[in-house]
Amino acid sequence: GAGVSQSPSNKVTEKGKDVELRCDPISGHTALYWYRQRLGQGLEFLIYFQGNSAPDKSGLPSDRFSAERTGESVSTLTIQRTQQEDSAVYLCASSLASTSGRYFNEQFFGPGTRLTVL
Amino acid sequence: DAKTTQPPSMDCAEGRAANLPCNHSTISGNEYVYWYRQIHSQGPQYIIHGLKNNETNEMASLIITEDRKSSTLILPHATLRDTAVYYCIVRTDNTNAGKSTFGDGTTLTVKP
């Protein structure tokens with residue numbers, strides 16, 4: 001399978017613990033996005049990586065949230081000192097970045113990580 | 001990115017066309033209209049996008065009004081598997097504009 005993969009698929013943690021969520025984008029996709037989706041709500045943008053450019057962190061809700069990406073491959077979203085309101089599905093997406101326009105924003109989403117903070 | 005407005009829910013009979021509206025009255029000239037859908041418990045799936053001309057692919061058709069302030073996604077022959085939340089978003093298409101916030105979308109229920 002050549003799709004976006006995420007791990008773990010489910011994570012249950014206790015309030016105050018740190019968690020790391022992993023995303024493996026489609027090979028060759030230089031753009032990578034993280035979103036949060038609370039139950040019954042739409043997707044909330046968190047952070048965006050594009051090649052070697054500085055990431056767009058404007059969607060991160062607090063300084064407890066951070067993300068890194070190794071080159072144009074794996075990304076890790078870290079949530080420190082988790083709170084109950086962090087419970088959500090965290091979705092990762094990747095896309096090509098092309099000046100031709102047509103394919104740049106055709107994002108391919110992973111299955112998500114369901115985070116439950118007790 | 002411009003905001004979009006969609007009805008929260010719609011029903012459609014199986015085999016009939018599903019027409020999902022989206023208002024984006026503040027869209028700017030360099031913003032595209034994108035549609036995604038999210039079937040329960042899965043990640044969102046890209047459907048179609050357009051700038052000002054109508055577009056058609058194997059999944060759907062996209063009709064954009066001449067003033068570009070609204071659009072309609074058309075599923076020509078809806079099936080039960082098309083039951084999903086459909087998101088309409090607008091955003092620029094350049095290398096610095098990757099972020100999007102998807103609203104609450106329209107929950108389409110296809111009924112037998």
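Points worth noting:
- Residue order, fewest to most surrounding Cβ atoms within 10 angstrom, among A:D24, B:D67: B:D67, A:D24
- Relative to the Cα centre, the charge distribution of chain A, modelled as +1 at Lys and Arg Cβ and -1 at Asp and Glu Cβ, gives a dipole magnitude of about 200 debye.
- The mean count of C-beta atoms from other chains within 10 Å of the C-beta of residues in A:84-95, rounded to a whole number, is 1.
- For residues of A:29-38, the mean tally of beta carbons on other chains within 10 Å: 2
- B:D11-B:S28 pseudo-label distance in nm [points 7 Å out on the Cα-to-Cβ vector]: 4.2
- Protection proxy ranking of A:82-93, A:5-16, B:74-85 - average other beta-carbon atoms within 10 Å, highest first: A:82-93, B:74-85, A:5-16
- The tail of the calculated P(r) for the stretch A:35-94 beyond 14 Å holds 56 percent of all Cα-Cα pairs.
- The value obtained for the stretch B:1-59, namely the Cα convex hull volume divided by the number of residues, is 125 Å³ per residue.
- FRET E, pair B:H40, A:E20, Förster distance 35 Å, beta-carbon r, rounded to 0.05: 0.85
- Per-residue average of Cβ from other chains inside 10 Å of B:41-50: 5
- Extension gain from A:L39 to A:K57, taking 0.36 nm per residue of separation minus the Cα-Cα distance: 4.2 nm
- Relative contact order computed over chain B (Cα-Cα under 8 Å; 6+ residues apart), in percent: 37
Since every read-out is calculated from the coordinates, none of them should be taken as a lab result. Remember, predicted model here, so these are calculated numbers, not experimental data. Please note: Cβ atoms are built from the backbone with ideal geometry, for glycine as well, and neighbour counts cover all protein chains shown.
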